[in-house]
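Since every read-out is calculated from the coordinates, none of them should be taken as a lab result. In this text the structure is predicted, and so the values were computed from the model without any measurement. No Cβ is skipped: glycine too gets one built from the backbone with ideal geometry, and neighbour counts run over all protein chains shown.
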Amino acid sequence: MTSLSKKFEQIVKKELSATVLPVKTDQGILLGDVLIISNGTLKSIMKKDVIKYEDIYLNSAAISIAKLIMYRAYNLTADQIYRLDQEYGKWLTDSLMLKAQHDRAVKRGDCDRADVFWARYLESKERTLAAKARVDCLTR
């Protein structure tokens, strides 16, 4: 066996031994010693019975954060993903609220207010999509 094939075999064994399968429990999804808890549409992440991150909006962000903190209690990338996820949540909430205000203005027949709310909604929706793209980029 050549040294290159031995090195490859060691890398494969290391990667396979590091693979942790998720386990569904009554509380949530357990990934090693990290628990992902679903609170409606939001998620929380616990490690060793201590809540590390709360109110995560995107599933991909919750999974990535759980994977990152599974090996280390503190991870800078996990914090960045969490901050971007919170920004996404802020813009999502804003766009949903503006859409509801637009719909109410249309029902009342107030076209000027409806136009203002629609313009603000479109801007907020664009910012929501941009924030989600940044989270997706970081979670890959």
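Of note:
- FRET efficiency, 1/(1 + (r/R0)^6) with R0 35 Å, evaluated for Lys6 and Arg134 via beta carbons: 0.30
- Placed amide H near Tyr53: partners under 5 Å, 5+ positions off or other chain: Ile45
- The chain: angle of helix 111-139 to the longest principal axis, Cα-based, in degrees nearest 10: 10
- The string of couplings for the stretch 29-41 from the Karplus curve (6.51, -1.76, 1.60, θ = phi - 60°) is 10, 9, 10, x, 9, 10, 10, 9, 9, 9, 10, x, 8 Hz, one whole number per residue in order, with x for Gly and Pro.
- Simple Cβ-charge dipole of the chain, Lys/Arg +1 and Asp/Glu -1, about Cα centre, in debye nearest 20: 400
- Exposure proxy shown here: for Asp136, Asp85, Asp112, the number of other Cβ atoms within 10 Å sets the order, fewest to most, as Asp112, Asp136, Asp85.
- Between 0 and 90°, nearest 10: helix 59-71 axis offset from the chain longest Cα axis: 30
- Normalised contact order of the stretch 21-139, rounded percent, pairs of Cα under 8 Å and 6 or more residues apart: 19
- Extension gain, Ala119-Gln80: 0.36 nm per intervening residue step, less the Cα-Cα distance, totals 11.1 nm.
- The Rg/Rh ratio of the chain, with both radii computed over alpha carbons and Rh defined as the Kirkwood radius, is 1.19.
- As a rough footprinting exposure proxy, the listed residues Leu122, Leu31 were ranked by other beta carbons within 10 Å of their own, and the order from fewest upward is Leu122, Leu31.
- FRET efficiency, Ala100 to Asp55 (Cβ-Cβ, R0 25 Å, nearest 0.05): 0.75
- Helix 3-18 axis, angle to the chain major axis (alpha carbon atoms, nearest 10°): 50
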